[in-house]
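*Asks:* To start, I am sharing the structure in question, which I have written as structure tokens.
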Amino acid sequence: GDDSATEATLFVAPYPVQVTAIYYTTNVIAGAACTGTVVKATGTAAPVKTTTPMHTADAIDFETAVHTVQTMTLSSTTADLKLVAGERIGYDTAGTKTNVEGTFTIIMKAI
């Protein structure tokens, strides 16, 4: 991904889907505090954590131990986890996002 972006799109739904799990694994520790939130974004709206977070805001710790899988506790609001065709999944960061490197794994089912 773009290391300079604080908000970015990860996925565009080709058909209706529902997120069933979100994981993040840190590949490189950059050394500055940075957290993130996976969010649902519609239309041309930026993927910001104050709109439709899919899990507890800022729960992703980009500076946790390398190769440690973080499992997010999903939103209890089912509508936050459902996307129609064209809606997006993105992320929003807080803190210093410099040289952050890791992998998002988002499990979905067709609905």
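*Asks:* Just give me the residues in region 63-85 being within 21 Å of Thr52 (Cβ to Cβ) and either surrounded by 13 or more Cβ atoms within 10 Å (Cβ to Cβ) or touching a strand residue (DSSP E or B) at 6+ places or on another chain (Cβ under 7 Å) (or both), in sequence order.
*Replies:* Hits for region 63-85 are Gln70, Thr71, Met72, Thr73, Leu74, Ser75, Asp80, Leu81, Lys82, Leu83.
*Asks:* For Gly102, are the conditions met, namely being open to solvent by less than 40 Å² (accessible area, probe 1.4 Å), within 16 Å of Thr9 (Cβ to Cβ), in a strand (DSSP E or B) and among the small types (Gly, Ala, Ser)?
*Replies:* no
*Asks:* What are the residue pairs meeting all of these: first residue in region 58-87, first residue in contact (Cβ under 8 Å) with a residue 40 or more places away in the chain, second residue loosely packed, with under 11 Cβ neighbours inside 10 Å and assigned to a loop (DSSP other than H, G, I, E, B), Cβ atoms under 6 Å, and 6 or more apart or on different chains?
*Replies:* Here the result reads Ala85/Tyr15, each pair linking region 58-87 to a residue that is loosely packed, with under 11 Cβ neighbours inside 10 Å and assigned to a loop (DSSP other than H, G, I, E, B).
*Asks:* Given the options Pro47, Pro14, name the one that is assigned to a loop (DSSP other than H, G, I, E, B), touching a residue at least 40 places away in the same chain (Cβ under 8 Å) and buried (at least 18 other Cβ atoms within 10 Å of the Cβ).
*Replies:* Being assigned to a loop (DSSP other than H, G, I, E, B), touching a residue at least 40 places away in the same chain (Cβ under 8 Å) and buried (at least 18 other Cβ atoms within 10 Å of the Cβ) holds for just one of Pro47, Pro14, which is Pro47.
The values are calculated or read from the model by the stated rules, or taken from the named source; none is laboratory data. What you are looking at is a predicted structure, and each value in this text was computed from that prediction instead of being measured. A quick note on method: Cβ atoms are made from the backbone with ideal geometry, for glycine too, and the neighbour counts reach across all protein chains shown. Areas reflect the complete protein model, heavy atoms only, side chains present, ligands, DNA and RNA absent. Shrake-Rupley method; radii C 1.70, N 1.55, O 1.52, S 1.80 Å.
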